[in-house]
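One structure is given below, encoded as structure tokens.
The values are calculated or read from the model by the stated rules, or taken from the named source; none is laboratory data. Every value quoted in this text rests on a predicted model; they were computed, and no experiment measured them. Glycine gets a Cβ as well: all are built from the backbone with ideal geometry, and neighbour counts include every protein chain shown. Ligands, DNA and RNA are excluded from the accessible area calculation, which covers all protein heavy atoms including side chains. Shrake-Rupley method; radii C 1.70, N 1.55, O 1.52, S 1.80 Å.
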Amino acid sequence: MHTHNTQNSELTMQSTTLLTGATGYIGGRLLQALEARGVSVRCLARRPEYLMARVGPQTRVIKGDCLKPESLDSAFEGIDTAYYLVHSMGSAKDFEEQDRSAAKHFGHAAHAAGVRRIVYIGGLGEGDAGLSKHLRSRHETGAILRASGVPVIEFRSGIVIGSGSLSFELIRALVERLPVMICPTWVRTPTQPISIEDLVDYCLAALDFPADGRSHLFEVGGANQVSYREIMLEYARQRELRRWLIPVQLLTPRLSSLWLGLTTPVYARIGRKLIESLRNPTIVKNENALTTFAIRPKGLQESIARAIRNENAEFAATRWSDAVSSSGNESPWGGIRLGTRLFDLRSIYVEASPEDAFTPIRRIGGKNGWYCL
């Protein structure tokens, strides 16, 4: 059983931790947890101005891109632990090749700077030959990081349940909007969903994991192994909704992704890659995480209940749609339709006082009219 190590804890508090992917869903939640713990954080972002409003006063944001190796050297100065939460699934280009290049550049820069460890979140799934492109790329990324020579702690996770996560919003939107669902066969695929709180706890625990110069792989999941059908029905039960799920054999991954694009907030391109992954069972086979860390993951019922409470209370601290990468283009704007609700979160950093920044907003309406698309 892994216990708190005072020497490692002191090292964590004194050194600087590099965080990539802080504009994404998991990275955004992890950033908050690291700051709450008092960790000195340096965020690497392609657009620092987009992230500035989200970080605390002790966190530094610097400009860098894992696809541009010349931009990484300064990011690793004085870094002890580096979190790698980068993926290119939203890209219109070859996301597998982009993931390969980004991981190679990151690992090389980390090794050159003498980084003590890299923490990476991959995906569950066995047998690379039968895996979807997305899951195969997640496994390959972990292997590339390990090949850099820097010890890697890789957490292979199933779908994440939390207010604002892509998986949860997909399930929520389907169940809220469709009383009767014509479902493809992947709804019966077994998976082991994990709550966002538990996944973040594992990432934090990696800071205190004893440094032995080796890489470690941990499969992490919640307390229950269930099908996607069971997840949807549990959400419906908690929302007191009567829903009927009718499985059919005709929906190919492409048709399923287009169906998702029409009925949920998921963009068709991301949906297609996601659907291809849902056919693969994603369950924990090696339970070494339970014997190594003092973390006991929540079950499905509690995870969904917490997600519903959090969303109703705060509309989610971070959402997958807020991630710059989720739109699949260079626009930083998010925006999402959730069931019957439509809301949008847009932010931009301007060098002006609050009074000056609000002045043009006061001019909207009246004789000047309203902006529209």
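Annotation: amide H of residue 182 within the under-5 Å range of 246, sequence separation 5 or more or interchain, hydrogens built in the peptide plane. Surface composition of the stretch 168-238: carbon and sulfur atoms hold 49% of the protein heavy-atom accessible area at a 1.4 Å probe. Pairs of C-alpha atoms in the stretch 123-208 farther apart than 20 Å represent 50 percent of all such pairs.
Note on exposure: 186, 244 ranked by accessible area (1.4 Å probe, complete protein assembly) read 244, 186, with the most exposed listed first. Place a point 7 Å from Cα of residue 285 in the direction of its Cβ. Which residues in the stretch 201-220 have their backbone N less than 14 Å from it? Flagged as within label range: 218-220. Checking the cross-link pairs 63/285; 63/104; 68/133; 104/298 against a 29 Å limit on the alpha carbon distance flags 63/285; 104/298 as lying beyond it.
The spread of Cα positions in the stretch 25-81, taken along each principal axis and listed from longest to shortest, comes to 32, 25, 20 Å. Between residue 40 and 17, the built amide H atoms are under 5 Å apart, and every one of these is 5 or more places off in sequence or on another chain.
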